[in-house]
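Student: Pasting a structure below so you can have a look.
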Amino acid sequence: MDRDALLGAARHERDALGRTVQYMPPERWLDESPIEGWLVKDVMAHLAASEVAVAALIGDEEATELEEFRKALDGQPVTVDGWNAWSVERRADEAPVALALEWGRAADLVLTRAAASGDDEWRGREISWVAGDIRLRYLVQARVAEWWVHGEDLREGGALPPRLEHWPIFVVNDLATRLIPYSLSLAGQSFPGKAVRVSLQGVGEGTWLASTDAGREVPDGSVVDADIIGRGHAYASVAGGRADADVCLYEGLLNLGGDVELGQAVLHTLRSFP
């Protein structure tokens, strides 16, 4: 996606998540969410904490809450899970409306600041995020992916129907495919010199050629080692950790061709967030 398309999808997804919040039955905020150990309102707290920090970092400001978390660790390593748990716990007594307002204002600031960046900054600027340095354009893409995935968590927790729209699901699928080398490495798996083709239909549809080696492009027309074929929504749900890869394979929502071992490794390590 080019810059304008991604920023347009981001604006749309910010508004869509706002509508999910608007239509959430009030009594559902204190129900259990699909994320183990979190209430529905805790999902909103997580989003609020993340957006406030991202907005500050894009604006070259100190992410004060993130720095406070780092100091509280007293030299222990920073982890994404640790940050998520700590920042949600800090907001345990906040009302859902306050959390939604905090998130919405910060999300608007993220989009405003990202849109104001120059072309070189958009493509090349690196920002120090919780899991490591990430380029600005991919940080924005990751925020859109997280808004859709956690928006679906909110909708499930609030007994609202899933929202099947092409662009946010495409953003998730695109980022998850780009992250294949990183995802495999986190799982301690290595398939050097291999190429994977991902061909998806329906909402979120698209075709990608991905290398298992970080930084290596796969030219169009290349012979691939493994094929992943199926439904765009199923692939995004697996990448977001909201569907089981084996179940999707069993039900035919996703299928493998070529090197099945490689295809299974990719699907079982797939992730939509850096």
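Student: Can you order the peptides 235-243, 104-112, 41-49 by their average number of other Cβ atoms within 10 Å per residue, highest first? Don't jump to the answer; show the numbers that get you there.
Tutor: Values: 235-243: 23.3, 104-112: 18.6, 41-49: 25.6.
Top of the packing list down: 41-49, 235-243, 104-112.
Student: Here's a follow-up. Using alpha-carbon pairs under 8 Å, 6+ residues apart, how would you state the relative contact order of the stretch 96-156 in percent?
Tutor: Working: 23 pairs, mean separation 11.6, N = 61.
Taking the mean separation of contacting Cα pairs over the length of the stretch 96-156, I get 19 percent.
Student: Follow-up question, since we're still on this one. Which value in deg cm²/dmol, rounded to the nearest 500, describes the helix-derived mean residue ellipticity at 222 nm for the chain, given -39,500 (n - 2.57) per DSSP H run of n ≥ 4 and division by the residue count?
Tutor: Values: 12 runs with 151 residues, N = 274.
Taken over the chain, the calculation gives -17500 deg cm²/dmol.
Student: Check which residues have an amide H placed less than 5 Å from residue 135's amide H, if you skip close sequence neighbours.
Tutor: 127
Student: On each of the three principal axes of the Cα atoms of the stretch 171-269, give max minus min coordinate, whole Å, ordered largest first.
Tutor: Ordered largest first, the stretch 171-269 gives principal extents of 30, 29, 25 Å.
Student: Wrap a convex hull around the Cα atoms of the stretch 94-153, take a quarter of its surface area, and give that in square nanometres. Write out the running numbers ahead of the final one.
Tutor: Numbers: hull surface 19.0 nm².
Here the figure is 4.7 nm², rounded to one decimal.
Student: Moving on. Given a cut-off of under 8 Å on Cα pairs at least six residues apart, what relative contact order in percent is computed for the stretch 171-269? Don't jump to the answer; show the numbers that get you there.
Tutor: On the way: 168 pairs, mean separation 29.1, N = 99.
Rounded, it is 29 percent for the stretch 171-269.
Student: If you don't mind, there's one more thing I want to ask. Report, in degrees rounded to the nearest 10, the 0 to 90 angle that the Cα long axis of helix 260-269 makes with the longest principal axis of the chain.
Tutor: Long axis of 260-269 versus the principal axis of the chain: about 0 degrees.
Student: Show me 176-183, 255-262, 218-225 ranked by packing, highest mean number of other Cβ atoms within 10 Å first.
Tutor: Working: 176-183: 20.8, 255-262: 15.8, 218-225: 11.8.
Ranking, from highest mean packing down: 176-183, 255-262, 218-225.
Student: Same structure, new question: Under the definition of Cα pairs under 8 Å and six or more residues apart, what whole-number percent is the relative contact order of the chain? Each step should come with its number before you reach the end.
Tutor: On the way: 417 pairs, mean separation 49.4, N = 274.
With pairs under 8 Å counted, the relative contact order is 18 percent.
Student: Take peptides 89-95, 30-36 and line them up by average Cβ neighbours within 10 Å, highest first, as a rough protection proxy. Let's see the in-between values first.
Tutor: Working: 89-95: 12.4, 30-36: 14.3.
Result, highest mean first: 30-36, 89-95.
Student: Further, regarding this structure: Compactness ratio of the chain: Cα Rg over 2.2 N^0.38 Å, N = residue count?
Tutor: Numbers: Rg = 18.5 Å, N = 274, 2.2 N^0.38 = 18.6 Å.
Ratio of Rg to 2.2 N^0.38 Å for the chain: 1.00.
No lab work stands behind these numbers, since they all come straight from the coordinates. Just so we're clear, the structure is a prediction, and the values are computed from it rather than from any experiment. Cβ: placed from backbone, ideal geometry, glycine included. Neighbour counts: every protein chain shown.
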